[in-house]
1. Which of (1) within 22 Å of HIS243 (Cβ to Cβ); (2) touching a Leu at 6+ places or on another chain (Cβ under 6 Å); (3) not aromatic (Phe, Trp, Tyr) does ALA152 not meet, given it meets every other one?
2. Only residues that are in contact (Cβ under 8 Å) with a residue 12 or more places away in the chain and either of a type in the set (D, E, K, R) or closer than 20 Å to THR88 by Cα (or both): list them for the stretch 37-53, please.
3. What are the residues in the stretch 72-102 that are in a loop (DSSP other than H, G, I, E, B) and either at positive phi or surrounded by 15 or more Cβ atoms within 10 Å (Cβ to Cβ) (or both), if any?
4. Taking the conditions exactly as written (touching a residue at least 60 places away in the same chain (Cβ under 8 Å) and either in contact with a Pro (Cβ under 8 Å, 6 or more places away or on another chain) or within 20 Å of GLY175 (Cβ to Cβ) (or both)), does LEU21 satisfy them or not?
5. Of the residues ASP60, ASP32, which single one is surrounded by 13 or more Cβ atoms within 10 Å (Cβ to Cβ), touching a residue at least 12 places away in the same chain (Cβ under 8 Å) and under 25 Å from ALA220 (Cα atoms)?
6. Looking only at the stretch 1-40, count every residue that is under 23 Å from the mean Cα position of the chain (by Cα), under 22 Å from THR70 (Cβ atoms) and among the aromatic types (Phe, Trp, Tyr) and tell me the total.
7. Hey, any hits in the stretch 100-119 for a residue that's in contact with an Asp or Glu (Cβ under 7 Å, 6 or more places away or on another chain) and modelled with pLDDT under 90?
Amino acid sequence: MSSLAATAEKFIAHCRYSKSLSPHTIRAYNQDLADFRVFAGNRRNPRTITKTEIEAYVQDLRRRSLSAATTKRRLGCLKVFFQWLEATTIIPSNPLASLKLTIKQARRLPRGITRANLRSLVKQASWESSPSGGIATDLAILLMATTGIRVAELVAIRTSDVEAHDGCIRVRGKGNRERTVFVTNPSLLKRLRSHLAFRQRDTRANEGLFVNRRGSPLTAATFRAHLKEASHASKGAIHVTPHMLRHTAATLLIEQGVDIRVVQRLLGHQSISTTEIYTHVADMTLRKALVRADLAAKIY
């Protein structure tokens, strides 16, 4: 008899090795399944879990006053988990199949940074980068802020993923889906080519485009630390996160009139509704511009 703990372990292995999900997604699935196992019991046979019990778990999440985002994520994880259990015939039927639940989640507007703060951040990061070219925090920041790639995608870029002559970079997004982003600015492309040439000359057995001070592949945590250090020391002195750089890229593109479907493809969004939130940010910028212009004041 398979226990809930054992099947959860097999599911995580499936996600890691067969589906090649990102480490971030694996961590989230582990946390979500661990929470459900505390509620249902590690030794439970998954076949005995019913729709009523899933509904009771949802009530438990709500009673704990968890955020709508966390509740939605945990239910999403369970949905995928039980679909896999059914597909592998570990359970005869999926108790979530007929479960209809609406989790209302407040839609928060994405936070980017201003052009001035971005310039200051890149300048500060360039001072802190290694003169030899191995540490290139400034280049990494510019790539995120101009292409909108995620931090997990950034640190996964290999030297072989970069086509230096035309500025194409292959990135692997959520669900191991590949897409191409482009570096079109001549100065940034020159900087990318220079860094790529340095990395290709490096004799250490490491194909990562970005490395840490020891020459090992850069991790998302290390990049966050470099970014935090540079942002706090920069003229803007604000705490900048990797996702804020991604938001900045999307917002600037929308403000420049780039078609939303182009932005969707660049960011790797599966649904256009995810990208549409940036049009609200652009509308707010338009409103502020109109307030500053105050055309009516020039008429009356």
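The values are calculated or read from the model by the stated rules, or taken from the named source; none is laboratory data. Here the structure is a predicted model, which means the values were calculated and not measured. Ideal geometry is used to build each Cβ from the backbone, glycine not excepted, and the neighbour counts take in all protein chains shown.
1. (2)
2. ARG37, ASN42, ARG43, ARG44, ASN45, PRO46, ARG47, ILE49, THR50, LYS51, GLU53
3. So in the stretch 72-102, the residues in a loop (DSSP other than H, G, I, E, B) come out as 88-102.
Selection gives THR89, ILE90, ILE91, ASN94, PRO95, LEU96, LEU99.
4. Details: touching a residue at least 60 places away in the same chain (Cβ under 8 Å): yes; either in contact with a Pro (Cβ under 8 Å, 6 or more places away or on another chain) or within 20 Å of GLY175 (Cβ to Cβ) (or both): yes.
Taking the combined requirement at face value, the residue satisfies it.
5. Checking each option against the conditions leaves just ASP32.
6. Looking only at that region, the number is 2.
7. Taking every residue of the stretch 100-119 in turn, none turns out to be in contact with an Asp or Glu (Cβ under 7 Å, 6 or more places away or on another chain) and modelled with pLDDT under 90.
Per-residue answers, yes or no, for (1) of a type in the set (Gly, Ala, Ser); (2) buried (at least 23 other Cβ atoms within 10 Å of the Cβ); (3) within 18 Å of the chain's Cα centre (by Cα):
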position	(1), (2), (3)
ARG115	no, no, no
VAL122	no, no, no
SER126	yes, no, no
ASP138	no, no, no
ILE141	no, yes, yes
GLY148	yes, yes, yes
SER160	yes, no, no
GLU163	no, no, no
